[in-house]
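Written below as structure tokens is the structure these notes are about.
The values are calculated or read from the model by the stated rules, or taken from the named source; none is laboratory data. In this text the structure is predicted, and so the values were computed from the model without any measurement. Methodologically, a virtual Cβ is constructed for each residue, glycine included, from the backbone with ideal geometry; neighbour enumeration extends over all protein chains shown. Note: areas computed on protein heavy atoms with side chains; ligands, DNA, RNA excluded. Shrake-Rupley method; radii C 1.70, N 1.55, O 1.52, S 1.80 Å.
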Amino acid sequence: MKKIIFILFVILGSCKEAKHTDEKDITYYTTEAIQEKNEREYLVKLKEFRDKDSGGIEPVLIPYFYDDQFYSNHNFIIDSLNNIYYHYRLESYISVICATGLAEGPFPAPYIQLQPERIIDVTDNIETFLKSRVMDSIKNEEETYIFIGSQKDSFQSPAVDQLFLNFNPDYRNRFILCRRTTEEENIVLQYKKSGEPYNPDTIKWNPDLTAIPK
């Protein structure tokens with residue numbers, strides 16, 4: 001069930017964090033990494049609480065609102081070497097509030113029939129690409145989401161800094177969410193880099209990670 005993206009930002013915070021006063025020194029985190037960090041901290045606090053046997057109020061785990069839609073129109077991939085790629089999907093993200101999210105998920109990513117030729121390397125021209133392919137297609141009041149799939153739990157990237165700067169996620173109805181790359185993105189990107197023929201029918205997909213239609 002889809003969860004509204006606003007809740008993810010309220011509960012988990014932004015996926016970027018300035019480590020120093022220098023605005024260029026920004027570390028980005030995936031929502032999964034933030035959730036795992038919250039869980040580790042919770043277990044430490046819970047152990048401390050139970051060891052003290054104080055009889056007070058037991059610490060509460062910050063809830064994670066799972067979301068079963070991994071893609072929007074505009075999707076970026078940052079690989080392990082900080083190269084940036086882009087792929088477009090016709091179907092937009094639609095935010096929906098439903099339930100608490102505590103008893104649901106994680107969900108496998110939908111299979112979107114991604115092909116290597118649909119993945120564009122924008123590492124060296126992300127600012128120009130944003131203006132010509134993304135920003136020019138967005139209306140001022142249009143609700144727009146950008147998803148960044150990262151192969152690392154956290155990263156620093158001048159190219160992603162430019163994405164945030166140009167897209168301006170603080171603007172009403174514009175949101176950027178960092179998540180881990182999906183299985184499909186990782187596999188198809190690997191084929192794009194190698195140049196080998198890609199046939200999805202030969203891939204042994206993990207049903208826990210990718211929802212292949214039956």
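The table below gives the values:
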| quantity | calculated |
| --- | --- |
| Residue-count net charge about LYS139 - beta-carbon cut-off 13 Å; Lys, Arg +1, Asp, Glu -1 | -2 |
| Residue-wise HN-Hα coupling along region 126-138, computed from phi with Karplus coefficients 6.51, -1.76, 1.60 (Hz; x: Gly, Pro) | 5, 5, 5, 4, 4, 5, 7, 9, 10, 4, 5, 9, 9 |
| Neighbourhood charge, 11 Å Cβ-Cβ cut-off, centred on SER92 and excluding it, Lys, Arg +1 and Asp, Glu -1 | -2 |
| For TYR111, residues with placed amide H under 5 Å, excluding near neighbours | ALA211 |
| ³J(HN,Hα), Karplus 6.51/-1.76/1.60, whole Hz, each residue of region 33-42, x for Gly, Pro | 5, 5, 4, 5, 5, 4, 5, 4, 5, 5 |
| ³J(HN,Hα) computed for each position of region 190-196 - Karplus, 6.51 cos²θ - 1.76 cosθ + 1.60, integer Hz, glycine/proline x | 4, 5, 4, 5, 7, x, 6 |
| Cut-off 14 Å between beta-carbons: net charge of the residues surrounding LYS192, Lys and Arg +1, Asp and Glu -1 | -4 |
| Highest to lowest packing among 193-202, 145-154, scored as the average C-beta count within 10 Å | 145-154, 193-202 |
| Accessible area of region 134-179 belonging to carbon and sulfur atoms, whole % at 1.4 Å probe | 44 percent |
